[in-house]
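Following: one structure in structure tokens, then a few remarks.
The values are calculated or read from the model by the stated rules, or taken from the named source; none is laboratory data. Nothing here was measured: the structure is a model prediction, and the numbers come from that model. Note that each Cβ is placed from the backbone with ideal geometry, even for glycine, and that neighbours are counted across all protein chains shown. Just so you know, the surface numbers come from the protein's heavy atoms only, side chains and all, with ligands and any DNA or RNA stripped out. Shrake-Rupley method; radii C 1.70, N 1.55, O 1.52, S 1.80 Å.
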Amino acid sequence: MSTPTYPDLPAGFQFGAATAAYQIEGAHDEDGRGPSIWDTYSHTPGRTLDGATGDTACDHYHRYPEDVALLRELGVDNYRFSIAWPRLLPQGTGPVNPKGLDFYDRLIDELLAAGIAPAATLYHWDLPQALEDRGGWRVRETAEAFAEYAALAAERYGDRVERWMTLNEPFCSAFLGYGLGRHAPGAQEGRGALAAAHHLLVGHGLAVRELRAAGARQIGIALNPDRLHAASDRPEDLAALRRAEVLHNEVWTEPLFAGRYPAYEAETWAGLADGPWRRPGDLELIGAPLDFVGVNFYRPITVEAAPHDEADPELRTAVDIGVAEPNPYGTRLTTMGWPVVPTAFTELLRDLDARYPGLPPIWITENGSAESDSLTPDGRVHDAERVDYLAGHLAAVADAIAAGVDVRGYFLWSLLDNFEWARGYEQRFGLVHVDYDTLTRTPKDSYHWYRGLITAHRARTEEPAR
Ligand code: GBH
């Protein structure tokens with residue numbers, strides 16, 4: 001395989017890498033951190049592959065200076081990490097944990113010293129368990145607690161954080177966490193999932209208000225709008241596609257960017273969608289203007305009607321996210337089983353842009369691939385597949401920009417191999433290989449490729465010094 005050429009991105013386009021707290025930090029019970037729903041979930045037998053947990057993960061909590069050095073050497077402008085809510089507020093609300101606050105001070109200062117702009121996600125799925133015990137995202141109190149946490153973080157770090165993301169992929173929190181039960185807290189509820197979706201959005205709106213009040217710089221959210229296709233044109237697959245479009249995309253984008261709730265089909269959701277959790281004023285709160293919208297993209301999804309118990313609409317609502325994983329695209333699959341289709345990325349970005357006039361500028365907050373990497377005896381990882389994936393998807397971003405979509409930057413998922421949620425440590429998304437026995441970090445070929453891309457981009461687009 002020849003080395004792919006670099007994409008033609010505009011001057012000023014920003015590069016970054018991304019991670020999330022529970023996936024890399026470890027130190028799950030150190031320095032006063034409280035338990036999160038992911039500690040509980042991963043410690044429940046049968047929930048994660050091989051019983052994997054984030055107890056140690058990449059030990060980033062102790063090794064962050066080494067990881068920041070890797071970022072500096074990589075040459076990125078930005079680093080996206082998440083703050084662990086249970087480190088700051090072990091009970092989710094109330095007493096503050098000073099040692100938890102100190103950790104992100106150290107991380108942020110280390111980044112700034114390396115010339116890297118910090119981009120912080122407030123919620124990448126690690127809800128304090130104490131809040132789940134009181135109803136979790138099913139109840140509005142959790143959204144209010146999230147605002148308290150956002151205010152604390154903004155007050156403490158707002159002078160140094162360049163970009164804030166309130167939530168990461170709230171689709172996963174609501175529908176994988178409370179609907180399908182494949183993410184923490186592992187609930188399977190129709191009503192609970194829809195209530196969670198609404199309270200996540202309310203929490204986002206309340207957090208934006210706190211961030212603004214504290215003078216935060218750039219404020220956004222990281223969504224995973226999906227490019228969805230029907231598996232066939234059978235009426236049941238087309239109906240499943242329509243339902244999936246609502247849950248994957250419109251539940252989020254309609255209130256955020258169009259000031260309205262999505263159009264649900266009453267019979268499918270059995271009236272659950274208009275639940276009592278909606279209050280007057282919520283749409284205004286949720287739709288407050290943002291400085292950017294984050295888009296996480298990995299692959300297009302093919303939707304196929306799943307078997308349903310028609311007699312149980314609540315359960316149907318819980319499980320009906322309509323996802324099948326056949327590969328009608330005829331491309332290779334990553335080790336996640338995901339087809340590699342860069343054109344779907346361009347289409348998704350163009351579609352979002354066309355659908356929502358006045359959409360804020362887009363940042364790609366995640367994109368990357370899991371591959372069957374292996375460390376060779378010469379201490380290298382020859383991950384040509386990842387390089388090919390990244391080159392294709394960065395070119396897809398360049399194509400969207402050329403078509404008029406305002407995309408400002410790109411965060412590659414991920415800096416490090418890490419805890420891939422229910423899939424444990426088998427899936428490797430990193431630019432840097434992690435040996436989970438020794439915790440040794442080894443930059444892969446893709447790391448060197450991305451570094452070259454960033455250097456070449458700067459050389460090509462920056463004014464020559466006179
Ligand atoms: C993003 O999730 C996340 O933001 C990030 O944390 C994650 O590491 C990355 O992408 C790569 O997946 O097989 O039932 O366990 C993307 C959505 C959610 C897709 C989990 C894969 C697996 C469901 N991902 N899902 S299951």
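Return the pair list, or none, for Cβ contacts closer than 9 Å from residues in the range 103-125 that are within 16 Å of the ligand (Cβ to nearest atom) to residues that are charged (D, E, K, R) and not in a loop (DSSP other than H, G, I, E, B), at least 6 apart or on different chains. Short answer, once both residue conditions are applied: Ala119/Arg80; Ala119/Arg163; Ala120/Arg80; Ala120/Arg163; Thr121/Arg80. Might you let me know whether the range 91-101 holds any residue that is within 16 Å of the ligand (Cβ to nearest atom), open to solvent by less than 20 Å² (accessible area, probe 1.4 Å), touching a Gly at 6+ places or on another chain (Cβ under 8 Å) and in contact (Cβ under 8 Å) with a residue 24 or more places away in the chain? No, there is no match, as no residue in the range 91-101 is within 16 Å of the ligand (Cβ to nearest atom), open to solvent by less than 20 Å² (accessible area, probe 1.4 Å), touching a Gly at 6+ places or on another chain (Cβ under 8 Å) and in contact (Cβ under 8 Å) with a residue 24 or more places away in the chain. Select from the range 247-268 the residues that are over 15 Å from Phe175 (Cα atoms) and part of a helix (DSSP H, G or I) and list them in ascending order. Selection gives Thr253, Glu254, Pro255, Leu256, Phe257, Ala266, Glu267, Thr268.
Going residue by residue through the range 256-268, is there one that turns out to be touching a helix residue (DSSP H, G or I) at 6+ places or on another chain (Cβ under 7 Å), open to solvent by less than 30 Å² (accessible area, probe 1.4 Å) and within 16 Å of the ligand (Cβ to nearest atom)?
For the range 256-268, residues touching a helix residue (DSSP H, G or I) at 6+ places or on another chain (Cβ under 7 Å), open to solvent by less than 30 Å² (accessible area, probe 1.4 Å) and within 16 Å of the ligand (Cβ to nearest atom): absent.
Here is a yes/no grid of residues against (1) under 24 Å from Ala195 (Cα atoms); (2) away from the ligand (no atom under 16 Å from the Cβ); (3) modelled with pLDDT under 95; (4) open to solvent by less than 10 Å² (accessible area, probe 1.4 Å):
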| residue | (1), (2), (3), (4) |
| --- | --- |
| Pro276 | yes, yes, yes, no |
| Arg279 | yes, yes, no, no |
| Thr302 | no, no, yes, yes |
| Pro357 | no, yes, no, no |
| Pro360 | no, yes, no, no |
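Set side by side, the residues Val387, Val381, Val432 differ, and just one is within 19 Å of Ile24 (Cβ to Cβ), more than 16 Å from the ligand (Cβ to nearest atom), buried (at least 21 other Cβ atoms within 10 Å of the Cβ) and among the β-branched types (Val, Ile, Thr), which is Val381. Filtered by the rule that a residue be under 14 Å from Leu375 (Cα atoms) and assigned to a helix (DSSP H, G or I), the range 409-446 gives Asp445, Ser446.
Matching residues to (1) open to solvent by 10 Å² or more (accessible area, probe 1.4 Å); (2) at pLDDT below 95; (3) in a loop (DSSP other than H, G, I, E, B):
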{"site": "Met1", "(1), (2), (3)": "yes, yes, yes"}
{"site": "Tyr6", "(1), (2), (3)": "yes, yes, yes"}
{"site": "Pro10", "(1), (2), (3)": "yes, no, yes"}
{"site": "Asp29", "(1), (2), (3)": "yes, no, yes"}
{"site": "Gly34", "(1), (2), (3)": "no, no, yes"}
{"site": "Thr56", "(1), (2), (3)": "yes, no, yes"}
{"site": "Tyr64", "(1), (2), (3)": "yes, no, no"}
{"site": "Val68", "(1), (2), (3)": "no, no, no"}
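Quick one: which residue in Ala193, Ala222, Ala184, Ala244 is open to solvent by less than 10 Å² (accessible area, probe 1.4 Å), at pLDDT 95 or above, within 16 Å of the ligand (Cβ to nearest atom) and not in a loop (DSSP other than H, G, I, E, B)? It would help to see each step written out before you state the result.
Numbers: Ala193 fails: at pLDDT 95 or above; Ala184 fails: not in a loop (DSSP other than H, G, I, E, B); Ala244 fails: at pLDDT 95 or above.
After ruling out the rest, the residue left standing is Ala222.
Checking every residue in the range 307-329 against the condition of being modelled with pLDDT of 95 or more, open to solvent by 50 Å² or more (accessible area, probe 1.4 Å) and of a type in the set (Ser, Thr, Tyr) gives zero matches. Close contacts from the range 382-406, counting a first residue that is free of Cβ contacts under 8 Å to residues at least 60 places away in the same chain and a second that is basic (Lys, Arg) and open to solvent by 40 Å² or more (accessible area, probe 1.4 Å), with Cβ to Cβ under 7 Å and a gap of 6+ residues or different chains, come to Ala400/Arg350; Ala403/Arg350; Val405/Arg350. Against the conditions (1) in contact with a helix residue (DSSP H, G or I) (Cβ under 6 Å, 6 or more places away or on another chain); (2) open to solvent by 40 Å² or more (accessible area, probe 1.4 Å); (3) under 30 Å from Pro289 (Cβ atoms), Arg423 satisfies every one except (3). Scanning the range 208-237 for residues that are small (Gly, Ala, Ser) and over 20 Å from Tyr261 (Cα atoms) gives Ala213, Ala214, Gly215, Ala216, Ala230, Ala231, Ser232.
Considering the conditions (1) touching a helix residue (DSSP H, G or I) at 6+ places or on another chain (Cβ under 6 Å); (2) not in a helix (DSSP H, G or I), Pro280 is excluded by exactly one of them, (1). Residues in the range 151-176 that are part of a strand (DSSP E or B) and in contact with a His (Cβ under 9 Å, 6 or more places away or on another chain) were compared, and the one that is surrounded by the most Cβ atoms within 10 Å (Cβ to Cβ) is Met165.
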